[in-house]
1. Which residues, counting only those in the stretch 1-34, are aromatic (Phe, Trp, Tyr) and closer than 15 Å to residue 62 by Cα?
2. Does any residue in the stretch 52-71 that is charged (D, E, K, R) come within less than 7 Å, Cβ to Cβ, of a residue that is assigned to a helix (DSSP H, G or I) six or more places away or on a different chain, and which pairs are these?
3. Taking into account only those residues within the stretch 21-71 that are farther than 17 Å from residue 4 by Cβ and either of a type in the set (Lys, Arg) or touching a strand residue (DSSP E or B) at 6+ places or on another chain (Cβ under 9 Å) (or both), which is most open to solvent (accessible area, probe 1.4 Å)?
Amino acid sequence: MTSTLHPGEQRRIRSCISQRVYELTKNRSNSSEFYKSIHRDLKVKFNVTSYKEIDRRRILVAIKFIESWRP
C-alpha cells in the first residue's frame, strides 16, 4: 500500500517549487507559466493527478527533480 504526502511534506514540495521558479524567473512576469509547467511535469513524472499524491517514499526523488527542473 502506498502512502501519499502528509501536509508538512506537501508544504515542503510547494516551497521547493516556489524556490525553483524564483531561481529561474527572478523578477520576470512569466512565473505563472513556470508554475504550470513544473506542476505538469511532476504529474507526468510521478504518474499522479496532483503533486499531493506523490508516494511519500519518493519525496526525495521529487525534491531532486524540482531542484534540477528546467522548462
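1. Within the stretch 1-34, no residue meets the criteria.
2. Pairs that qualify, where the first residue is charged (D, E, K, R) and the partner is assigned to a helix (DSSP H, G or I), are 52/10; 56/9; 58/46; 67/16; 67/20.
3. 70
The values are calculated or read from the model by the stated rules, or taken from the named source; none is laboratory data. Since the model is a prediction, treat every value here as computed from it, not as a measurement. All Cβ positions, even for glycine, are placed from backbone atoms using ideal geometry, and neighbour counts span all protein chains on display. To get the accessible areas, we keep the full protein, side chains included, count just its heavy atoms, and leave off ligands, DNA and RNA. Shrake-Rupley method; radii C 1.70, N 1.55, O 1.52, S 1.80 Å.
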